[in-house]
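Below you'll find the structure, written out as structure tokens, and then a few comments.
No value in this document is a laboratory result; all are computed from the given coordinates. Keep in mind the model is a prediction, meaning the values are calculated, not measured. Reconstructed Cβ throughout: ideal geometry from the backbone, glycine too, with neighbour counts over all protein chains shown.
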Amino acid sequence: MNILVELGLYFSLLSLLSVGGMPSVIPEMHRYVVEQRGWISHNDFIEMFALGQAAPGPNVLISSLIGWKIAGIPGALVTLAAMCGPAAVLSFWVAGVWDRLQGTPWRAVAQRAMAPMVIGLILSGGFVLATPGGSPDWRLWTIAALSAWAMVATKRNPLWMLAGGAAAGAILL
Amino acid sequence: MPVTPPRNLTELFLGFLSIGARSFGGVMPWAYRVIVEERRWMSEEDFTATIGLCQFLPGPNVGNASIVLGKKWFGLKGSVVAFLGFFGLPFLWVLALASLYGEFALQPGVKSVVTGVAAAGAGLFIGTAIKLAKPIARKPAALVVITGCFIAVGIGRVSMLIVIPIAALISYYLAKRGLL
């Protein structure tokens, strides 16, 4: 199958699975493009992740960077459109319905059910990104732990944590 | 403070353009600043309700907000205009950055710095998860779902296509029983 078609279909599926936003599907994206298909290496993946985090804009652009690495500019456009498209159609359709569900028990139950799933998935994303090939590296884990601590304990702009990671990377790695 | 929705599509486009262009280090604070504080398109309560919906839906939160708010004010045309305004500049910027990076990637030292940034970014994910978990950390059922998802997806590397439907069913059942 043409790689663009394949990217488009797969990222459309991810779009609908991205409960709680893009971070939830990072582990699945990594599993598919790195581990299953071998389109790019783990290093390529975290390079694109780092660039996407450091650049302004929504973090969903990480998916277009991954698409770019796999299939150039067309890949970037296809993955971004696929990652946003199905969710956008759903949002457009649900926008009016949601207000009518305000205060219904179903809405409250669904929201409470989603929270722990999203947390487990985001944790998985952090773990996969900081553990290349599933083998622990204490230096990466230390950087990740400090950055997580800074995020929880301070109100600083996350760019400071990324800058700290850059400095620590230059010294430790 | 009186609120007035954007008067035309140009205003809508420029508003979302300025959210996308300025959002270093996170989009949500900028969306709030532009929509509620600077342009006063809607009240804080309405903004919070809209974001609640967009966090519930799959997809990028503020990307979804551009669709929902565009529709609310101008219908389908509004959705398309707000979406393009929001993504246009960050998309170009990120590709420019990636091309630039391609030129430097082989320099010694660059790889270490980027790996460090990625590890810090991974830490931001973990920090976000901890913050989200705080309000529900005392509920054993929540910890079971969190740990289950983490073991399956993070450590076991099981496909989300399998994990999500199963976890959703269990989680929904637990929430319905009042355990979450």
Shielding by partners - mean other protein chain Cβ count within 10 Å, residues of B:26-35 = 2
remark   = Charge dipole of segment B:33-180 built from unit charges on the beta carbon (Lys, Arg +1; Asp, Glu -1), centred at mean Cα; most positive-end Cα among B:Gly63, B:Ala152, B:Trp41 is B:Ala152
remark   = Per the C-alpha gyration tensor (a ≥ b ≥ c, the square roots of its eigenvalues), segment B:53-92 is rounded if a/c is under 1.5, else prolate if a/b beats b/c, else oblate; here it's oblate
ask   = Using θ = phi - 60° and the Karplus form 6.51 cos²θ - 1.76 cosθ + 1.60, what ³J(HN,Hα) does each residue of segment B:168-175 get, whole Hz, x for Gly and Pro?
value = 5, 4, 4, 5, 5, 4, 4, 5
note = log10 I(q)/I(0) for chain A, Debye formula on C-alpha points only (no solvent), q = 0.10, 0.14, 0.20 Å⁻¹, two decimals, reads -0.45, -0.85, -1.39
query = Using +1 on the beta carbon of Lys and Arg, -1 on that of Asp and Glu, and nothing else charged, what's the dipole of the protein assembly as shown about the Cα centre, debye to 20?
reply = 820 debye
note = The alpha-carbon center of segment B:142-171 and that of segment B:13-92 are separated, in whole Å, by 30 Å
Choice from B:Ile130, B:Ile35, B:Ile155 showing the highest fluctuation, given a GNM over chain B with Cα pairs closer than 10 Å = B:Ile155
ask   = Cα gyration tensor of segment A:1-61, axes a ≥ b ≥ c as square roots of the eigenvalues: rounded (a/c below 1.5), prolate (a/b > b/c) or oblate?
value = oblate
message = Of the candidates B:Lys111, B:Lys72, B:Lys131, which one comes out as most mobile in a Gaussian network treatment of chain B with C-alpha springs shorter than 10 Å?
response = B:Lys131
task = Report, in debye and to the nearest 20, how large the dipole of chain A comes out about its Cα centre when Lys and Arg carry +1 and Asp and Glu carry -1 on their Cβ.
result = 440 debye
query = In whole Hz, what ³J(HN,Hα) sequence does segment A:104-118 give by Karplus (6.51, -1.76, 1.60; θ = phi - 60°), x for Gly and Pro?
reply = 6, x, 4, 5, 5, 4, 4, 5, 5, 5, 6, 3, x, 5, 4
inquiry  = At 222 nm, what value in deg cm²/dmol follows for chain A if DSSP H runs of at least 4 each add -39500 (n - 2.57) and the sum is divided by all its residues, to the nearest 500?
reply    = -26000 deg cm²/dmol
task = Compare A:Pro158, A:Pro105, A:Pro86 in a GNM of chain A, Cα atoms joined below 10 Å, and give the one with the largest fluctuation.
result = A:Pro105
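Which ordering of B:Arg138, B:Arg39 is given by a fewest-first count of other beta-carbon atoms within 10 Å?
B:Arg138, B:Arg39
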message = For a Förster distance of 35 Å, can you work out the FRET efficiency between the beta-carbons of B:Tyr173 and B:Leu84, rounded to the nearest 0.05?
response = 0.30
